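Novice: Pasting a structure below so you can have a look.
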Amino acid sequence: MGHDKSFQIKKMLIRREKTRKLRRILIVCEGEKTEPNYFKSFPTELEVCDYIDIRGKGYNTESLIEEAIRLEKNAIRNKERYIETWCVFDKDDFSIEQFENAIRLAEQNKIKCAYSIEAFEIWYMLHFNYYDTGMSRTQYKEKLSELLKKPYLKNDPNIYKLLFSKQNKAIKNAKKLYNRQRQLPMKDRNPVTTVFLLVEKLRGGQL
């Protein structure tokens with residue numbers, strides 16, 4: 001049954017490609033596995049796009065934005081322009097100046113950012129509760145293990161499925177957190193995440 005559905009989707013995409021260019025969204029991730037594993041699990045909503053192109057590059061801040069710009073230029077050169085490009089990255093141990101420069105460079109090149117301070121895991125945490133106190137990576141791991149009732153594995157390919165039923169709650173909590181933290185200077189926004197913006201996009205904006 002699953003094979004038949006996959007075959008039908010491929011046929012449909014081939015038909016669409018023959019009549020018009022595929023509407024593609026590019027997601028360039030700082031992490032090589034954690035974020036790509038999560039976003040690769042999203043179903044393609046055809047009212048949003050035909051295909052999600054996800055790249056886990058292992059680059060950081062400005063280097064990641066520069067790589068996204070390069071990929072966009074290649075796509076334009078090949079007449080396969082993306083309808084949107086997103087970069088997913090964390091502040092981690094980088095300076096606020098580097099972090100803000102990356103966001104500024106993205107805005108200048110019309111690239112959207114799904115960033116987190118300090119780490120992507122704050123997005124996972126918000127599936128369970130509202131948190132507005134900064135944590136270390138070790139604390140995120142410990143707390144997520146407690147919430148998931150099993151050891152949290154950073155590169156778990158099943159994390160999307162484990163959290164899916166709480167996605168609406170995560171979006172609401174992330175919006176609440178962002179609206180509170182955006183009033184502060186960037187250096188004081190720990191924690192915060194704009195991953196909800198990308199998630200809403202991929203879902204077609206529906207709660």
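The values are calculated or read from the model by the stated rules, or taken from the named source; none is laboratory data. This one's a predicted model, so the numbers in the text were calculated from it and none came from an experiment. Note that each Cβ is placed from the backbone with ideal geometry, even for glycine, and that neighbours are counted across all protein chains shown. Areas reflect the complete protein model, heavy atoms only, side chains present, ligands, DNA and RNA absent. Shrake-Rupley method; radii C 1.70, N 1.55, O 1.52, S 1.80 Å.
Novice: Here are some conditions: (1) modelled with pLDDT under 95; (2) within 15 Å of residue 201 (Cβ to Cβ); (3) acidic (Asp, Glu). Residue 53 meets all but one. Which one does it not meet?
Specialist: It is condition (1) that residue 53 fails.
Novice: In contact with a strand residue (DSSP E or B) (Cβ under 8 Å, 6 or more places away or on another chain), open to solvent by 20 Å² or more (accessible area, probe 1.4 Å) and either assigned to a helix (DSSP H, G or I) or of a type in the set (Gly, Ala, Ser) (or both): does that describe residue 62?
Specialist: Taking the combined requirement at face value, the residue does not satisfy it.
Novice: Can you go through 155, 173 and tell me which one is in contact (Cβ under 8 Å) with a residue 40 or more places away in the chain, open to solvent by less than 90 Å² (accessible area, probe 1.4 Å) and part of a helix (DSSP H, G or I)?
Specialist: Details: 155 fails: part of a helix (DSSP H, G or I).
173 is the lone residue from the list that is in contact (Cβ under 8 Å) with a residue 40 or more places away in the chain, open to solvent by less than 90 Å² (accessible area, probe 1.4 Å) and part of a helix (DSSP H, G or I).
Novice: Please determine, by comparing only the residues of segment 129-152 that are open to solvent by less than 60 Å² (accessible area, probe 1.4 Å) and aromatic (Phe, Trp, Tyr), which one is nearest to residue 178 (Cα to Cα).
Specialist: Filtering first and then ranking leaves 131.
Novice: Further question: Yes or no: segment 2-21 includes at least one residue that is open to solvent by 40 Å² or more (accessible area, probe 1.4 Å), over 22 Å from residue 163 (Cβ atoms), in a loop (DSSP other than H, G, I, E, B) and modelled with pLDDT of 65 or more.
Specialist: Taking every residue of segment 2-21 in turn, at least one turns out to be open to solvent by 40 Å² or more (accessible area, probe 1.4 Å), over 22 Å from residue 163 (Cβ atoms), in a loop (DSSP other than H, G, I, E, B) and modelled with pLDDT of 65 or more.
Novice: Continuing with this model, one more query. So is residue 39 of a type in the set (Phe, Trp, Tyr), in contact (Cβ under 8 Å) with a residue 60 or more places away in the chain and under 18 Å from residue 155 (Cβ atoms) or not?
Specialist: yes
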